[in-house]
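The values are calculated or read from the model by the stated rules, or taken from the named source; none is laboratory data. It should be emphasised that the depicted structure is a prediction, and the values quoted were computed from it without experimental measurement. All Cβ positions, glycine included, derive from the backbone under ideal geometry; neighbour counts span all protein chains shown.
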Amino acid sequence: MMKMLVEMGVYDHKSMEKIVKSVGCLPGYMPYMDLKEGTLIVIGDGDPVQIVAKLRKKWGKANLTLFVPCEIREVREREALFRSNFEICVPTPHSDHMVNDHKLGCVIC
């Protein structure tokens, strides 16, 4: 497992959720955003260029700062955090199709 530190320059909660959602839905990555420093920590195996390229499409400030091997203890801690925040990435099924049960047509008329 590798640890990637990406400087984002994002300090608000709404943007943080969007960033974590976009990286977290990639297979094999566990993202964690530090709002105090404005950095994104990503743990996983894969190509760091893929992550930075994806982040630069939406946020032009993404810079890869650190890419080092990660300790097992840190992987387990981040995995627990990622699983607790995984609800953000799971799309909720919904339907925009409306069904008219009335045989006469419009309810208002």
- Pair list, Cβ < 7 Å and 6+ apart or interchain, from segment 52-75 residues that are touching a residue at least 60 places away in the same chain (Cβ under 8 Å) and within 16 Å of LYS3 (Cβ to Cβ) to residues that are β-branched (Val, Ile, Thr) and assigned to a helix (DSSP H, G or I): LEU64/VAL52
- Message: Could you tell me how many of the residues in segment 15-36 are small (Gly, Ala, Ser) and in a loop (DSSP other than H, G, I, E, B)?
- Response: 1
- From THR92, THR65, which residue is more than 12 Å from TYR29 (Cβ to Cβ), modelled with pLDDT of 85 or more and hydroxyl-bearing (Ser, Thr, Tyr)? THR65
- Filter segment 1-14 for residues that are surrounded by 14 or more Cβ atoms within 10 Å (Cβ to Cβ), more than 17 Å from GLY46 (Cβ to Cβ) and at pLDDT below 85 and give the result. VAL10
- Item | Positions within segment 35-48 being within 13 Å of TYR11 (Cα to Cα) and touching a helix residue (DSSP H, G or I) at 6+ places or on another chain (Cβ under 9 Å), in sequence order | LEU35, LEU40
- When you scan segment 27-36, how many residues do you find that are among the hydrophobic types (A, V, I, L, M, F, W, C) and in contact (Cβ under 8 Å) with a residue 40 or more places away in the chain? 1
- Item | Residue in segment 48-69 that is nearest to GLU79 (Cα to Cα), counting only those that are surrounded by fewer than 12 Cβ atoms within 10 Å (Cβ to Cβ) and among the β-branched types (Val, Ile, Thr) | VAL68
- Please verify whether segment 37-47 includes one or more residues that are surrounded by 13 or more Cβ atoms within 10 Å (Cβ to Cβ), assigned to a helix (DSSP H, G or I) and touching a residue at least 12 places away in the same chain (Cβ under 8 Å). no
- Query: What number of residues within segment 38-69 satisfy the criterion of being within 12 Å of VAL23 (Cα to Cα) and polar (S, T, N, Q)?
  - Reply: 1
- Task: Kindly list, by first and then second residue, each pair from a residue in segment 1-20 that is over 23 Å from PRO69 (Cβ atoms) and in contact (Cβ under 8 Å) with a residue 12 or more places away in the chain to a residue that is among the small types (Gly, Ala, Ser) and part of a loop (DSSP other than H, G, I, E, B), limited to pairs with Cβ atoms under 6 Å and residues at least 6 apart or on different chains.
- Result: GLY9/GLY38; VAL10/GLY38; TYR11/GLY38
